[in-house]
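Okay, so here's the structure we're looking at.
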Amino acid sequence: MIERTTVMREPTYFVLAALLDGPLHGYGIIKRAQTLSDGRVRLAVGTLYGALDRLATSGLIVVDGEETVQGRPRRYYRLTEDGRLAVTREAHRLEQAARVVTSRTSFATGEAGA
């Protein structure tokens, strides 16, 4: 049987990666994803919460707690074991894909390898 691999979109990857070190609230996830991606991933609030809902429904994250800050609820999210496995698998997939190119090129000289 062939296992179907789902390619993870970059924002989803960085949302999950942001949670590797522990639970974060929405704004913390936005900032951490932006930092981890060197600014490539800039999540809008609506986009983030839609992604969090999908990831929770998929069992990749769960709500870890909630507090009220300045009268507003702040919900914290954490990775599940399935979420940790999914982001790790995606990292390995990306690493293998990158190796196909990096093993054939030289970034230092800009020339193709032999």
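Derivation of every value follows stated rules applied to the coordinates shown; laboratory data play no part. Keep in mind that what you see is a predicted model, and the values were worked out from it rather than measured. Cβ placement follows ideal geometry from the backbone for every residue including glycine, while neighbour counts extend to all protein chains displayed.
Using C-alpha positions alone, give me the convex hull volume of the chain per residue in cubic angstrom. Let's see the in-between values first.
Working: hull volume 14.9 nm³, N = 114.
Considering the Cα atoms of the chain, their hull volume per residue is 130 Å³.
You can think of it this way: the chain between ARG89 and SER58 has 9.6 nm of extra reach, that is 0.36 nm per residue less the Cα-Cα gap. Here the Debye sum runs over all C-alpha atoms of the stretch 17-70 as equal scatterers in vacuum, and log10 of I(q)/I(0) at q = 0.19, 0.22, 0.29, 0.31 Å⁻¹ comes out as -0.69, -0.91, -1.33, -1.37. Residues whose amide H comes within less than 5 Å of that of HIS25, counting only those at least five positions distant or on another chain, are TYR77 (H built at 1.01 Å from N in the peptide plane). The trypsin sites (Lys or Arg not before Pro) of the stretch 32-101 that DSSP puts in a loop, and whose beta carbon has at most 16 other beta carbons within 10 Å, are ARG40, ARG42. Highest mobility in the GNM of the chain, judged by mean-square fluctuation with C-alpha springs under 10 Å and restricted to VAL100, VAL41, VAL87, is found for VAL100. Helix-only arithmetic for the chain: the sum of -39500 (n - 2.57) across DSSP H runs with n ≥ 4, divided by the residue total, places the mean residue ellipticity at 222 nm at -15500 deg cm²/dmol. Pairs of Cα atoms nearer than 8 Å and 6+ residues apart set the relative contact order; for the chain it is 24 percent.
Per residue, the convex hull around the alpha carbon atoms of the stretch 51-97 comes to 84 Å³.
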